[in-house]
Amino acid sequence: MSWRPSTTSTARRRHAPERVGFAGAARSRGVSDCDGGERSRAGGGHGSGARPAGRGGRVRRGLRWFADRLFPPGANPHDTVPALLVLLTVVTGIVDAVSFLGLHGVFAANMTGNIVFLGFALAGEERLSLWGSPVALLSFTAGAWATGRATLRVTDPRRAFVLLTAAHALLVAAALVTVQLAGHREPPGQAALIALLACGMGMQSASVRELAVPDMNTNVLTTTLTALFAESPGRAARRRAAGIAAMFLGALGGAALHVASGPVPALAAATVLLAVVAFAARSAR
């Protein structure tokens, strides 16, 4: 699999070394969202390569099988990463369910919603928090900024993704501990929860952007939904539909857990999923 860097800035390309794939081979930066462009980069059939041995081999084969079905035959250069990004999208739905339902209508991942809600609050809408959205925006941007600096220093892309996902898991685990110690109904505890969850989602958004897997955006779905219906059907539509379904299921499950038992079970589920992704990413090529 080839790990292609995002085209974030000319300066980053000028000063950072060429990112290489998990298998050690650098690929072209050009990415086509159409099936023909994906097929032209094919490097073997579905599930190509030696089967992993030992513990976790069956799980890895399952992840690779699912990831391969999101691309034309033989055109998945990302190994198991697309499947892991679907799991991260589920995490997004869970975390936003907790933050929106339990923290005065604030999103931890959807910054578009927070910007709009801040405008509503400033206009005098009393049902929305005047301070919650700014805390989320600042924390999210802090997480994204820190991730951008970290990816410049860590030259091994697999190690960077594993470390950033593990750090995100620790932030959600810290939010879980905060709920148990300070609760989630008073402003100090709410502010801490918003900061921890939004910072983690900023890290996730920035790290996924570095992967540059086409159509796999784990935080927002407006562009994904537009492309799904505006463009001709193809394997790209599978990736887009998978992302939409994953966020819906994450939001549904997170909301059901939160309504039934509060934020603890939902945050615990998000922590476990992040830990699974971090562990599974260690074996991705």
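The values are calculated or read from the model by the stated rules, or taken from the named source; none is laboratory data. Every value quoted in this text rests on a predicted model; they were computed, and no experiment measured them. Reconstructed Cβ throughout: ideal geometry from the backbone, glycine too, with neighbour counts over all protein chains shown.
Some notes on this structure:
- Checking LEU128, LEU137, LEU70 one by one, the residue that is within 30 Å of GLY234 (Cβ to Cβ) and out of contact with any Cys (no Cβ under 8 Å at 6 or more places or on another chain) is LEU70 and no other.
- Counting residues in the stretch 96-110 that are in contact with a Lys or Arg (Cβ under 9 Å, 6 or more places away or on another chain), among the small types (Gly, Ala, Ser), under 23 Å from ALA266 (Cβ atoms) and assigned to a loop (DSSP other than H, G, I, E, B) gives one or more.
- Taking the criterion of being touching a residue at least 40 places away in the same chain (Cβ under 8 Å) and buried (at least 22 other Cβ atoms within 10 Å of the Cβ), the residues of the stretch 130-156 that qualify are GLY132, ALA136, SER139, PHE140, GLY143, THR147, THR151.
- Flag for ARG127 being assigned to a loop (DSSP other than H, G, I, E, B) and at pLDDT below 95: yes
- A Cβ distance below 8 Å, combined with a sequence gap of six or more or placement on separate chains, defines the contacts here; from the stretch 77-102, residues that are within 15 Å of SER207 (Cα to Cα) reach residues that are of a type in the set (Lys, Arg) in the pairs PRO82/ARG239.
- Identity of the residue in the stretch 69-106, among the small types (Gly, Ala, Ser) and either touching a Phe, Trp or Tyr at 6+ places or on another chain (Cβ under 9 Å) or modelled with pLDDT under 90 (or both), that ends up nearest to GLY183 (Cα to Cα): SER99
- So ALA136, is it within 15 Å of LEU274 (Cα to Cα) and either assigned to a helix (DSSP H, G or I) or touching a strand residue (DSSP E or B) at 6+ places or on another chain (Cβ under 6 Å) (or both): no
- Taken together, the residues in the stretch 162-210 that are charged (D, E, K, R) and either in contact with a Ser or Thr (Cβ under 7 Å, 6 or more places away or on another chain) or part of a helix (DSSP H, G or I) (or both) amount to 2.
- Complete set of residues in the stretch 94-109 that are surrounded by fewer than 23 Cβ atoms within 10 Å (Cβ to Cβ), in contact with a helix residue (DSSP H, G or I) (Cβ under 6 Å, 6 or more places away or on another chain) and not hydrophobic (A, V, I, L, M, F, W, C): GLY102, HIS104
- Output for the stretch 157-177, where each listed residue is touching a residue at least 24 places away in the same chain (Cβ under 8 Å) and among the charged types (D, E, K, R): ARG158
- Scanning the stretch 108-124 for residues that are farther than 11 Å from PRO134 by Cα and aromatic (Phe, Trp, Tyr) yields a total of 1.
- Pairs, first in contact (Cβ under 8 Å) with a residue 40 or more places away in the chain in the stretch 206-233, second surrounded by fewer than 19 Cβ atoms within 10 Å (Cβ to Cβ) and in a helix (DSSP H, G or I), C-beta under 6 Å, six or more apart: ALA206/GLY148
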